[in-house]
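The values are calculated or read from the model by the stated rules, or taken from the named source; none is laboratory data. All values derive from a computational prediction rather than experimental measurement. Positions of Cβ are generated from backbone atoms using ideal geometry, with glycine treated the same way; all protein chains shown enter the neighbour counts.
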Amino acid sequence: MTLYAFKNGDPIEERLMNSIFTAQSSTLIFDGDQAAVKTGSGAVENNLSLASYAVRFVLTGQTSIGRIELDLKKYGAGADMTVEIRDASFNPNGSSEGVLLKSVTFPAKIFGSGYISLPIDLSGLTAGAQYWLVMKKAGDSINHIRWVGETTQDVSYPAYSRSGVTGGWSIGNALHVKVFAKTPGTYLLKHGIYGENGKTIIEYRADGLVNYIWRWLPAADKTWKIVEKMTPVYDINGVATDWGIA
């Protein structure tokens, strides 16, 4: 059963309480094997409050997407961002939105500046096939996210933008994106997914210790009730003695 956070006024009834007592489904996402990558030295900021952006990639040698890494920059309080994965039938001329394979919304608080790893958890894909990663327009002139990219286009990773919700997309310059399969990789744990909606991000320090953990869980009405950052305090032996929550 899908897990949600409680809000004032939510009924306490048998179905809801039993879902809490029943063991929730869970998935662990490790660093995984790289299946697509477009990076570079460019620092062009593409404002996601003005348009949605889409980039095409080929899923090389893998049949799943465990997580993605995007080069983002946060302004103000940021904005809740929705990431979509669509199949190759997506057409930037506006004739087809493609088949929506996965849609995940992430809370504004977790974003900062630089690359961020985001859990996707999508299996049953085709190795060597083309897919589209879409970030939906969100935010305003003060509070928003920008997707960092290059000053030139890349035919292997074509990128497009659209200010409206329908119609054609405009070709643009390449965007920084990395795609990783849902495979063990080096067995570095990056994300946990609990009851479908409960998610975590684990970031590490250069010495291999955990730097911080983000965890979040929406309510049934999709508002964010739990969005917490846990930062460990270590003793001289590298043992976490406290986990501060903010």
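The table below gives the values:
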| read-out | value |
| --- | --- |
| Gly112 being closer than 26 Å to Ile193 by Cβ, touching a strand residue (DSSP E or B) at 6+ places or on another chain (Cβ under 9 Å), crowded, with 19+ Cβ neighbours inside 10 Å and of a type outside the set (A, V, I, L, M, F, W, C) | no |
| Lone qualifier among Leu101, Leu50 - being part of a strand (DSSP E or B), surrounded by fewer than 19 Cβ atoms within 10 Å (Cβ to Cβ), hydrophobic (A, V, I, L, M, F, W, C) and in contact (Cβ under 8 Å) with a residue 12 or more places away in the chain | Leu101 |
| Sole residue being of a type in the set (Val, Ile, Thr), touching a residue at least 24 places away in the same chain (Cβ under 8 Å) and closer than 16 Å to Ile85 by Cβ, chosen from Val179, Val148 | Val179 |
| Listing of strands (runs of 3 or more DSSP E) fully contained in segment 131-241 that carry 1 or more residues being outside the structural domain of Ala43 (by TED's automatic domain parsing) and either at positive phi or in contact with a helix residue (DSSP H, G or I) (Cβ under 9 Å, 6 or more places away or on another chain) (or both) | 198-204, 210-218, 224-234 |
| Residue match in segment 196-208 (condition: in contact with a strand residue (DSSP E or B) (Cβ under 9 Å, 6 or more places away or on another chain), within 30 Å of Phe90 (Cα to Cα), aliphatic (A, V, I, L, M) and in contact (Cβ under 8 Å) with a residue 60 or more places away in the chain) | yes |
| Of residues in segment 20-40 being over 18 Å from Leu118 (Cα atoms) and in contact (Cβ under 8 Å) with a residue 12 or more places away in the chain, the one surrounded by the fewest Cβ atoms within 10 Å (Cβ to Cβ) | Thr22 |
